[in-house]
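Quick notes on the structure that follows.
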Amino acid sequence: MITFMLAVLLAGTVLAQSPVTDLKASMVVLGVSDVSRSVKFYKETLGLAPAPAPGDLPMFRAGGVTIVLNGALSGGSGAFELVFPVDSVNAVRKQLTDRGCHFVNDSQEVAKDLWVATFTDPDGHRLTLFGAR
């Protein structure tokens, strides 16, 4: 009986901690001080292939992850942002807000029909939702 009750309690804990949605990171955005120099490094030194970019930021494919170079990323050189592709930025944002996440900006359109909303983890790392509105 104790084992059964413990299993029920543990199952409840797992359900309470289940992900909001099936979040999978697909992009890492790196703050860079010199975009041209960084493009040369990722393309020529590392030999990464450029990835199609919906906006103006250079992107490179590295296996299942896209590396994005951003000279304007808050925090500058060394700044970091992890990107989660989602079906609906606003829907996932609401779920995360309901769970206590604090977003640092309103949802913003960054390219035609592509939106972002950024929040931070407890250590200040930037985490961004990316997708349709």
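Coordinate-derived values only; no laboratory data. Note that the structure is predicted; figures quoted are calculated from it, not measured. So basically every Cβ, Gly included, is an ideal-geometry build from the backbone, and we count neighbours across all protein chains shown.
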Task: Among LEU46, PHE119, VAL68 - extreme Cα towards positive end, dipole of segment 23-131, charges at beta-carbon - done: LEU46
Task: Debye, to nearest 20: dipole size of segment 23-131, +1 on Lys, Arg Cβ, -1 on Asp, Glu Cβ - done: 220
- [ ] For segment 23-131, would you read off the P(r) tail past 19 Å as a percentage of all alpha carbon pairs?
- [x] 45
Open item on the list: So if each residue of separation counts as 0.36 nm, and I subtract the Cα-Cα distance between ARG61 and SER88, what length gain in nm does that give?
Closed with: 7.4 nm
Task: Protection proxy ranking of 77-83, 67-73, 52-58 - average other beta-carbon atoms within 10 Å, highest first - done: 67-73, 77-83, 52-58
- [ ] Give, in nm to one decimal, the length gained when the segment between HIS125 and SER33 is fully stretched (0.36 nm per residue of separation minus the Cα-Cα distance).
- [x] 31.3 nm
- [ ] Give me the number: length gained by fully extending ARG133 to LYS40, i.e. 0.36 nm times residue separation minus the C-alpha to C-alpha distance, one decimal in nm.
- [x] 30.2 nm
